[in-house]
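One structure below.
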Amino acid sequence: MERKSKINYYLDIAQTVATRATCLRKKYGAIIVRDDAIISTGYNGAPRGRKNCCDLGFCLRQQMNIPRGERYELCRSVHSEANAIISAPRDLMLGAELFLACIDGETGELVGGTTSCQMCKRLVINAGIDRVIVREDAENYTVYNVKDWIENDDSLGTIGY
């Protein structure tokens, strides 16, 4: 019997955390790990005390046909990475890894090809996290070095700096 890799073990946990998400479109789960210990978890959902999209039965961004990656200010949810960061002390996040998994809200299937949005990238950078590892499918994943997000600042877009 072959033992599951440590990375896929943590990605399995992130995927389980995603099942708690309340978004109708995409369910994300994140866990922050340092020195082989889980520091915190987070999933996407409305701020505490507010109604979730799954409770309301609709997604405003979906009703407005807003594409993925745009107009997040209209979304009711706090993203999974943000919720995991909010729940963790910064000193424990320094040098940590964030594991991220996404499940389609309608089909329940894993969704590959995702990564943190611009706002979550900023939060990850400021939290002091070193790597973000994103599940692509049951066995494969992509590793993002946060240092690259700092050096290749994609928030500048096409601005000529």
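The values are calculated or read from the model by the stated rules, or taken from the named source; none is laboratory data. Small disclaimer: the values here were computed from a predicted structure and weren't measured. Please note: Cβ atoms are built from the backbone with ideal geometry, for glycine as well, and neighbour counts cover all protein chains shown. Only protein heavy atoms, including side chains, enter the accessible area calculation; ligands, DNA and RNA are left aside. Shrake-Rupley method; radii C 1.70, N 1.55, O 1.52, S 1.80 Å.
Straight distance only, please: which aspartates and glutamates reach the Cα of Lys51 with their own Cα at less than 17 Å, same-chain residues fewer than 8 apart left out?
Cross-link targets: Glu73.
What residue among Pro67, Pro47, Pro89 has the largest mean-square fluctuation in a Gaussian network model of the chain, using Cα springs under 10 Å?
Sorting by GNM fluctuation, first place goes to Pro67.
Can you list which of the GluC sites (Glu not before Pro) found in segment 83-129 are DSSP loop residues with at most 11 other C-beta atoms within 10 Å?
Working: sites: Glu97, Glu106, Glu109; in loops: Glu106, Glu109.
Those that pass, being in a loop and sparsely packed, are Glu106, Glu109.
Given the options Ala14, Ala46, Ala101, which has the most mean-square fluctuation in a GNM of the chain, springs set between C-alpha atoms less than 10 angstrom apart?
The residue that fluctuates most here is Ala46.
Scale the Cα Rg of the chain by the rule-of-thumb value 2.2 N^0.38 Å and send over the ratio, two decimals.
Working: Rg = 15.6 Å, N = 161, 2.2 N^0.38 = 15.2 Å.
Its radius of gyration relative to the 2.2 N^0.38 Å reference: 1.03.
Tell me what the chain gives for mean residue ellipticity at 222 nm when only DSSP H runs of n ≥ 4 count, each as -39,500 (n - 2.57), the sum divided by the residue total, rounded to 500 deg cm²/dmol. Write down the numbers at each step before the final one.
Details: 7 runs with 48 residues, N = 161.
One gets -7500 deg cm²/dmol as the mean residue ellipticity at 222 nm.
Quick one: net charge around Ile39, please, counting Lys, Arg +1 and Asp, Glu -1 for every other residue with C-beta under 15 Å from its C-beta.
Working: positive: Arg34, Arg90, Arg131; negative: Asp35, Asp36, Glu81, Asp91, Glu97, Asp130.
Charge balance in the 15 Å sphere: -3.
Would you mind checking the radius of gyration and Dmax of segment 54-116 based on alpha-carbon positions, in Å?
Answer for segment 54-116, Rg first and Dmax second: 14.3, 41 Å.
Report the trypsin sites (Lys or Arg not before Pro) located in segment 70-161 that are in a DSSP loop and have at most 13 other Cβ atoms inside 10 Å of their Cβ, or state none. Mind showing how you got there, number by number?
Details: sites: Arg71, Arg76, Arg90, Lys121, Arg122, Arg131, Arg135, Lys147; in loops: Arg71, Arg76.
Sparse-neighbourhood loop trypsin sites (Lys or Arg not before Pro): Arg71.
Given +1 on the Cβ of Lys and Arg, -1 on the Cβ of Asp and Glu, and no further charges, what dipole in debye does segment 1-59 carry about its Cα centre, rounded to the nearest 20? If you can, show how the numbers build up before the last one.
Working: 11 positive and 5 negative charges, 55 e Å.
With Lys and Arg at +1 and Asp and Glu at -1, about 260 debye.
For the chain, modelled as a Gaussian network with Cα springs under 10 Å, which listed residue fluctuates most, Asp130, Asp104, Asp55?
Asp55
Mind checking the dipole of the chain: about its Cα centre, +1 per Lys or Arg Cβ, -1 per Asp or Glu Cβ, Debye to the nearest 20? Display every interim value, and only then the final one.
Working: 21 positive and 21 negative charges, 136 e Å.
Dipole magnitude for the chain comes out near 660 debye.
Got a sec? Charge dipole of segment 1-144, +1 on Cβ for Lys and Arg, -1 for Asp and Glu; which of Thr107, Ile31, Pro67 is way out at the positive end?
Pro67
Largest first, how would Glu73, Glu136 line up by accessible area (1.4 Å probe)?
Working: Glu73 125, Glu136 50 Å².
The residues order as Glu73, Glu136, largest area first.
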